[in-house]
Structure formats: structure tokens, C-alpha cells
Amino acid sequence: MSEDEFAAARRDMVETQIKQRGVTDPRVLEAMERVPRHRFVVAGHERHAHDDTALPLEAGQSISQPYIVAAMTEALEPKPSDRILEVGTGSGYQTAVLAEIVDKVYTIERIAVLSRTARQLLDDLGYTDIEYRVADGAQGWPEEAPFDGILVTAGAERLPERLLEQLSDGGCLVIPIGGRIDQDLYQIRRSGSRFEDRFITRCRFVPLVEEREGPAE
Ligand code: SAH
């Protein structure tokens, strides 16, 4: 497929999978049209990059379905001046969508090879305002907190308290919470010392693995 064909596939993906399911934030729609999703899938899967589904990555992980990336990004209510924390770099695709919209993205991945590969690709694509860390993202990134928004792209069994503490006033945490197979995606907004939840959609993420469960790789 040529670059023009990939761009056409992205426009079609935005129309049929994302707008039709109710995502309206123009910044999110534009970002999804710009980020070359085919560069983030494993070699050989480029033709399927725009399918309405998650796709496999290295190390048993997966790149999220386009609609879920769009719905999560919209739920974060990102503004250009924001500093955002992402937990679960994976392929770096969601990181790129965020970097299209906001000034600064901090992204944490527990599997070193995924972080390295994502960083190389995002550097190649010219995304410079991203900081990377290999660690347990459930602990957040306290040295850089507070964040205007926090996005967790792995399924948590329960709400990680450390992340709530690192959210700025008025900021949102977007996180899938539930079992190992499927979860409910929530937006949790901080207003002073109060937190309000809003259910977004059912979803299926690989598990958020916390450090006490053993080292990566
Ligand atoms: N946003 C990614 C989705 C990756 S899947 C993308 O668009 O491709 C979820 C990722 O979360 C996996 O790469 C997994 O290794 C990572 N992960 C799971 N538990 C984690 C933790 N506690 N800290 C950091 N990363 C974690």
C-alpha cells in the first residue's frame, strides 16, 4: 500500500469507526487522521492496521482498537497546554495521538523492549515532547506530578491510589477497571478533594501488572 492509500484508510477509519460511534472532539479526530497507524503495528500486519480491532504487539501485548484510542483520548478532555501521563506505552500509538494534541506527554512502560521500540519510532516520526520511563506505571511519575490528565492503557483490578494523588485539580484519570478479560472504562474527574466517576464504555485490555506480581521479561 502507498502512503496515499494509508491516508485514505485512516480517513475511512475515522468516519466509519470513530465518528459513527459518537466521538466528536475535532482535535481527537484530526490526531487520529494524522498519526500513521500502520507504522505502529508489527511488520506484516500493515494491511490490517486500520481494521476495527486491537492487533498483536511483541511480548504478548496489543495495540488498542482505533475507536478505543479515540474514546479514551476524548474522555481525557485534552487541551494543547496540557501535560499528560500515559501508563502502558506499548506500541507508542496512543502516545503519538496524545502528542499531536498536547504540549508534553510522559509515558511509562514496564517492558523495556516495547519502550525502546516505541521511542525509536516516535523519534523517527519527529515527536520530540515525550519523556519515557521503564517502570511500574501504577506508581505514576511523582517527580513530574501533578498532571492535567492521566491515561491508563492496561486493565486495572482496582483504582491505583498513587495515580489519583498525581492528578491536578480539574484533571481527569481515564482508566479501564475490571477483570483480566474485560473491563469498564471510566473517566474520573478531580474537583479539589472530591472525585467523580463517569462510565464510558466496556473494553478489553491486557492486564495492568503491578510490581509485586514479579519483574517484566
Ligand atoms: N497504549 C498502547 C496499548 C498497549 S497495551 C498502544 O497504543 O499500543 C498495554 C501496555 O501496558 C503493555 O505494553 C503492557 O506491557 C503495559 N503495562 C502493563 N502493566 C503496566 C504497568 N504496571 N506499568 C507500565 N506499563 C504496563
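The values are calculated or read from the model by the stated rules, or taken from the named source; none is laboratory data. This structure is a prediction, so every number in the text was calculated from the model and none was measured. Don't worry about glycine lacking a Cβ; one is built from the backbone with ideal geometry, like all the others, and counts go over all protein chains shown. All accessible areas refer to the heavy atoms of the entire protein, side chains included, with ligands and DNA or RNA removed. Shrake-Rupley method; radii C 1.70, N 1.55, O 1.52, S 1.80 Å.
Checking the condition under 21 Å from Leu167 (Cα atoms), open to solvent by 10 Å² or more (accessible area, probe 1.4 Å) and out of contact with any Asp or Glu (no Cβ under 8 Å at 6 or more places or on another chain), which residue from Glu86, Glu109 passes?
None of the other options fit; the residue is Glu109.
Arg180 is checked against (1) loosely packed, with under 15 Cβ neighbours inside 10 Å; (2) closer than 25 Å to Ala49 by Cβ and fails just one. What number does that condition carry?
Here Arg180 meets the rest and fails (2).
The rows are residues; the columns are (1) more than 17 Å from the chain's Cα centre (by Cα); (2) hydrophobic (A, V, I, L, M, F, W, C).
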{"position": "Leu114", "(1), (2)": "no, yes"}
{"position": "Ala118", "(1), (2)": "no, yes"}
{"position": "Asp123", "(1), (2)": "yes, no"}
{"position": "Asp129", "(1), (2)": "no, no"}
{"position": "Glu157", "(1), (2)": "yes, no"}
{"position": "Arg162", "(1), (2)": "yes, no"}
{"position": "Asp169", "(1), (2)": "yes, no"}
{"position": "Arg180", "(1), (2)": "yes, no"}
{"position": "Gln187", "(1), (2)": "no, no"}
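Mind checking which residues of the stretch 81-107 are of a type in the set (A, V, I, L, M), over 9 Å from the mean Cα position of the chain (by Cα) and farther than 19 Å from Arg39 by Cβ?
Ile84, Leu85, Val102
Within the stretch 55-62, is there a residue that is aliphatic (A, V, I, L, M), closer than 30 Å to Asp169 by Cα and within 13 Å of the ligand (Cβ to nearest atom)?
No.
For the stretch 47-67, enumerate the residues that are out of contact with any strand residue (DSSP E or B) (no Cβ under 9 Å at 6 or more places or on another chain) and over 15 Å from Leu114 (Cα atoms).
Once the filter is applied, which keeps residues that are out of contact with any strand residue (DSSP E or B) (no Cβ under 9 Å at 6 or more places or on another chain) and over 15 Å from Leu114 (Cα atoms), the stretch 47-67 yields Arg47, His50, Asp51, Asp52, Thr53, Pro66.
Sort through Ala9, Ala71 and tell me the only one that's surrounded by 15 or more Cβ atoms within 10 Å (Cβ to Cβ), within 21 Å of Leu173 (Cα to Cα) and of a type in the set (Gly, Ala, Ser).
Unique residue meeting the criteria: Ala71.
Quick one: in the stretch 12-51, of everything that is among the acidic types (Asp, Glu) and out of contact with any helix residue (DSSP H, G or I) (no Cβ under 8 Å at 6 or more places or on another chain), which residue is surrounded by the most Cβ atoms within 10 Å (Cβ to Cβ)?
By that ranking, first place goes to Asp51.
Between Gln65, Gln94, which is open to solvent by 30 Å² or more (accessible area, probe 1.4 Å), within 25 Å of Val209 (Cα to Cα) and of a type in the set (S, T, N, Q)?
The unique qualifying residue is Gln65.
Within 14 Å of the ligand (Cβ to nearest atom) and touching a Leu at 6+ places or on another chain (Cβ under 6 Å): does that describe His45?
Taking the combined requirement at face value, the residue satisfies it.
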